[in-house]
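Novice: Pasting a structure here, questions to come.
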Amino acid sequence: MKVQATGILDLPTELLITIFENGSFPPSILYSLAFLCRRLHFVVLPIYLARHGLTPGSNSVVLPLQVDRRDPLTALQTALFTPPKTDNITCMFPPSRIMTLSTLLPQLKRLENYIYNLASVKTVTLQMDLPESIFLSTGNDDALRRWSVGLERLLNCILERNSRSLTMMYGRQFTRTYVHVPSITHRSSITRLLADFPRRSRTETQDFRRVEEQGDSRIELSLPTSLHSSTQLSSLVIQSAILILPPALRWTLVVLRHCPITSLTLDFGVQDWAVWRTVIPLIISAAPGLTTLILLEVNHIHDDHILEFLPQFALLRHLTIISQGQFELGFASPLPQLPDLETLRASPMFIDYLLRHPWCFPKIKSICVVWPKLLLRDPTNLEVLMAAVSRIIDTLDERKLSPSLSVSASTMLYPAATLTRSSLGSFPAFFGRIQALELTAKPLYYPDIGDMAAWTAIFPRVRRVDFTLARSTIITSDFGPDVARLVRTVKATKFLNEIIVNGVVHKLIEA
């Protein structure tokens, strides 16, 4: 008797789903299976899209684009069913080391076409390259024009679909087609004299001129007048040099001037201060109505420079200043007057400095002390943090201010069994006044994150705990079992009944 061979299609659908939902099943294989036949298409494609964040309950998707187009964007555009609604898009373009303009422009067009066919989109994040990439694409007038047209069409399409938040990260494509010309005060007397003569065309980006070897046409992105009053963009996150250098700088300034933007994020690590010194005044002029300002990587510029331009944003209500170092301030630094400021996130040194004068922050409601690097194995480091926060609390008490206090720290994860009240010295104000805790931890040699519970135990009045677990090169296993142990270990209190781990809320067990 001949035995008939069986294949994957002979398995029941429930078993197929169990197999394909296994995290070890390669996404590339899922993609291939999804287009073998209709049955596998309807079984596998939802699982493949869920791997990239798109589920009926998420409304978010991550699109890592591939040069060969075997990626989630193609899957979305060729699905035989209606995918879940997409409100939040994160798009990661292929690394520049394998891309030329001929492959980059089609990727811009693909994303533009996808967004154009959506009714609307709330947030868009564009990751233009790998974080560590140093690739600098350049070209002649024709190449720059084609790049500018492609990028402009994509950005304007995002605004046309009523996006409320736009983030651009990494990437240096065509940021070396213009050269930064020093301001007049730094030029020679002859150059300053010549600069006094009227120019045929003076623009906001006049301090940048084309690199002669690449061309002489002044090519810049623009925003159509029809979009000036119809967009809903309220948040712009600039973590890429592309948006602060020509040809895109002019587009950025027009957007800041005409869109209802109230929140702006600037990453000072993407360019040196010589460029920022030119760009910052343009931003201040274009966006005087900002209420939220987030400054990242401020260790790349001098403290005085920050304190000089902060007062220009007179309507600020929320301010964040993040540095990878322990940002020191000189006593000669000017003190900005921010009378409407309600929330402040910064290093303890910065907060302590601003609280020295009684007229600072009369309306302050929330202060978050940001500590960039905290090693649990180094008690001295932790004691410095606690002492700094205690000084801030003393100053607040003297001024009769009572904002909510929180601590945000980044740490390498080591055994924390000795992290107890008795081992940390006497800082009663520090322990008793902290109401929220944000901790970003990276396991190194010690993967048992259940011991993170010790952090919540030393703060008796903490009301919110937010853990972010980052992977390391050594610890690559799934965090699931350890997260479950962490949730079981942290006990509910009068003030705390849930914790957040990597964005997911977990209810705590009653003590």
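The values are calculated or read from the model by the stated rules, or taken from the named source; none is laboratory data. Quick caveat, the model's predicted, so the values are computed rather than measured. Because the Cβ atoms are built from the backbone with ideal geometry, glycine has one as well, and the counts that use them run over all protein chains shown.
Novice: Just one of L63, L80, L54 is farther than 29 Å from V504 by Cα, of a type outside the set (F, W, Y) and not assigned by TED's automatic domain parsing to the domain that holds Y116; which is it? Reasoning before the result, please.
Specialist: Details: L63 fails: farther than 29 Å from V504 by Cα; L54 fails: farther than 29 Å from V504 by Cα.
Every option except L80 fails the conditions.
Novice: So K507 fits all but one of (1) within 20 Å of V407 (Cα to Cα); (2) under 28 Å from the mean Cα position of the chain (by Cα); (3) of a type outside the set (V, I, T); (4) at pLDDT 85 or above; what number is the exception?
Specialist: (1)
Novice: Is it the case that segment 94-116 has a residue that's modelled with pLDDT under 95, in a helix (DSSP H, G or I) and over 26 Å from R146 (Cα atoms)?
Specialist: Among the residues of segment 94-116, not one is modelled with pLDDT under 95, in a helix (DSSP H, G or I) and over 26 Å from R146 (Cα atoms), which makes the answer no.
Novice: Would you check if there is a residue in segment 341-352 being touching an Asp or Glu at 6+ places or on another chain (Cβ under 9 Å), over 18 Å from P281 (Cβ atoms), modelled with pLDDT of 75 or more and basic (K, R)?
Specialist: No, because not a single residue in segment 341-352 is touching an Asp or Glu at 6+ places or on another chain (Cβ under 9 Å), over 18 Å from P281 (Cβ atoms), modelled with pLDDT of 75 or more and basic (K, R).
Novice: Out of R69, R38, report the one residue that is on the phi > 0 side of the Ramachandran plot, outside the structural domain of S235 (by TED's automatic domain parsing) and in contact (Cβ under 8 Å) with a residue 12 or more places away in the chain.
Specialist: Details: R38 fails: on the phi > 0 side of the Ramachandran plot.
The match here is R69.
Novice: Here's another thing I want to ask about it. Taking segment 239-263 on its own, how many of its residues are under 25 Å from L136 (Cα atoms) and either more than 17 Å from the chain's Cα centre (by Cα) or polar (S, T, N, Q) (or both)? So that I can check it myself, show each step before the final result.
Specialist: Let us first name the residues in segment 239-263 that are under 25 Å from L136 (Cα atoms), namely 239-253.
Filter again for either more than 17 Å from the chain's Cα centre (by Cα) or polar (S, T, N, Q) (or both), leaving 239-240, 245-253.
Of the residues in segment 239-263, 11 are under 25 Å from L136 (Cα atoms) and either more than 17 Å from the chain's Cα centre (by Cα) or polar (S, T, N, Q) (or both).
Novice: Quick check on segment 182-192. Is at least one of its residues in a loop (DSSP other than H, G, I, E, B), within 21 Å of L105 (Cβ to Cβ) and either in the same structural domain as S137 (by TED's automatic domain parsing) or modelled with pLDDT of 95 or more (or both)? Spell out how you get there, then give the answer.
Specialist: Keep residues of segment 182-192 that are in a loop (DSSP other than H, G, I, E, B), which gives 182-183, 187-188.
From what's left, within 21 Å of L105 (Cβ to Cβ): none.
For segment 182-192, residues in a loop (DSSP other than H, G, I, E, B), within 21 Å of L105 (Cβ to Cβ) and either in the same structural domain as S137 (by TED's automatic domain parsing) or modelled with pLDDT of 95 or more (or both): absent.
Novice: While we're looking at this one, here's another question. Would you check if H52 is surrounded by 17 or more Cβ atoms within 10 Å (Cβ to Cβ), touching a Pro at 6+ places or on another chain (Cβ under 6 Å) and of a type outside the set (S, T, N, Q)?
Specialist: Working: surrounded by 17 or more Cβ atoms within 10 Å (Cβ to Cβ): yes; touching a Pro at 6+ places or on another chain (Cβ under 6 Å): yes; of a type outside the set (S, T, N, Q): yes.
For H52, the condition - surrounded by 17 or more Cβ atoms within 10 Å (Cβ to Cβ), touching a Pro at 6+ places or on another chain (Cβ under 6 Å) and of a type outside the set (S, T, N, Q) - is met.
Novice: Give the residue that is surrounded by the fewest Cβ atoms within 10 Å (Cβ to Cβ), with candidates limited to residues of segment 125-163 that are part of a loop (DSSP other than H, G, I, E, B) and among the β-branched types (V, I, T). Don't jump to the end; show me each part of the working.
Specialist: Within segment 125-163, the first condition is being part of a loop (DSSP other than H, G, I, E, B), and the residues that meet it are 128-140, 161-163.
Of the ones still in play, those that are also among the β-branched types (V, I, T) are 134, 138.
Working: I134: 9, T138: 15.
Restricting to residues being part of a loop (DSSP other than H, G, I, E, B) and among the β-branched types (V, I, T), the top hit is I134.
Novice: In segment 480-490, is there at least one residue being among the acidic types (D, E) and at pLDDT below 75?
Specialist: yes
Novice: Restricting to segment 102-124, count the residues that are more than 13 Å from Q66 (Cβ to Cβ) and either surrounded by fewer than 17 Cβ atoms within 10 Å (Cβ to Cβ) or hydroxyl-bearing (S, T, Y) (or both).
Specialist: Going through segment 102-124 one residue at a time, the tally reaches 11.
Novice: Pairs needed: first member in segment 216-240, touching a residue at least 60 places away in the same chain (Cβ under 8 Å) and surrounded by 21 or more Cβ atoms within 10 Å (Cβ to Cβ); second member anywhere, outside any loop (DSSP other than H, G, I, E, B) and of a type in the set (F, W, Y); C-beta distance under 8 Å; at least 6 residues apart or different chains.
Specialist: Taking only residues 6 or more apart or on different chains, the pairs are L221/W251; L223/W251.
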